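All remarks here apply to the structure that follows.
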Amino acid sequence: MSRDRTLGRSRSGEEWRSSEPQCIPGGYLVPRRLEAALKEKWPNQYVVEMRSNIYRIRAPGRLTDEEISTCYSWVY
């Protein structure tokens, strides 16, 4: 799921790209659910990297704990 999704090219509109990433543990995380949550909140304005079973997300804001919990499946 290492995709680069952006919308717009204004300098101030892309400051989130250089911000500190939100890190989410990858165990039991369903990538499609994470992508759906990101698309719903920030259509085409996010970057996701996977490193050492940790998803590093850069977006204009942060996902809440509740939004993150919907991305997990304990039987995945």
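The values are calculated or read from the model by the stated rules, or taken from the named source; none is laboratory data. Note that the coordinates shown come from a computational prediction; the quantities given were computed from them, not determined experimentally. Every residue, glycine as well, gets a Cβ built from its backbone with ideal geometry; the counts of neighbours run over all protein chains shown.
Of all residues in region 6-35, none that is small (Gly, Ala, Ser) has its Cβ atom under 7 Å from the Cβ atom of a residue that is at pLDDT below 90, 6 or more apart or on another chain.
Taken together, the residues in region 63-76 that are exposed (fewer than 15 other Cβ atoms within 10 Å of the Cβ) and either of a type outside the set (A, V, I, L, M) or on the phi > 0 side of the Ramachandran plot (or both) amount to 8. Of all the criteria given as (1) surrounded by 11 or more Cβ atoms within 10 Å (Cβ to Cβ); (2) modelled with pLDDT of 95 or more, the one not satisfied by Glu14 is (2). Scanning region 39-55 for residues that are outside any loop (DSSP other than H, G, I, E, B) and crowded, with 17+ Cβ neighbours inside 10 Å yields Tyr46, Val47, Val48, Tyr55.
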